[in-house]
Amino acid sequence: MKKIEWIVSDLDGTLLNDQKQVSKKNQKAIQWLFEHDIDFGIVSGRPTKTIYETLDFCHIKPYVRFIVGMN
């Protein structure tokens, strides 16, 4: 069986809830991925600047290894 190397998520309507926040459960899951050397990234239609601001606001910025903006 292959090891999972990375997981990618969109923000709006996927990772962010109706209040534009990441749930505590998802925050813990993202931190768990980081601690187990599984890269977590964000792919969004947003500009990269607003993605960084959102990650900072949601307290997951240290655990996100890459972003792709304006896809």
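The values are calculated or read from the model by the stated rules, or taken from the named source; none is laboratory data. All values derive from a computational prediction rather than experimental measurement. As a convention, Cβ positions derive from the backbone with ideal geometry for all residues, glycine included, and neighbour counts pool all protein chains shown.
Points worth noting:
- Enumeration of residues in the range 30-71 that are surrounded by fewer than 12 Cβ atoms within 10 Å (Cβ to Cβ) and among the hydrophobic types (A, V, I, L, M, F, W, C): PHE66, MET70
- Flag if LYS20 is in contact with a Phe, Trp or Tyr (Cβ under 9 Å, 6 or more places away or on another chain) and at pLDDT below 95: yes
- Of all residues in the range 30-51, none satisfies being aromatic (Phe, Trp, Tyr) and modelled with pLDDT under 95.
- Considering residues of the range 32-48 that are assigned to a loop (DSSP other than H, G, I, E, B) and in contact with a helix residue (DSSP H, G or I) (Cβ under 7 Å, 6 or more places away or on another chain) only, the residue farthest from VAL68 (Cα to Cα): ARG46
- Some residue of the range 58-65 being free of Cβ contacts under 8 Å to residues at least 12 places away in the same chain and of a type outside the set (Lys, Arg): no
- Residues in the range 18-29 that are surrounded by 12 or more Cβ atoms within 10 Å (Cβ to Cβ) and not in a helix (DSSP H, G or I): GLN21, VAL22, SER23.
- Neighbours by Cβ (under 8 Å, 6+ apart or cross-chain): first from the range 5-34, β-branched (Val, Ile, Thr); second part of a helix (DSSP H, G or I): ILE7/LEU33; VAL22/LEU15; VAL22/ILE30; ILE30/TYR63
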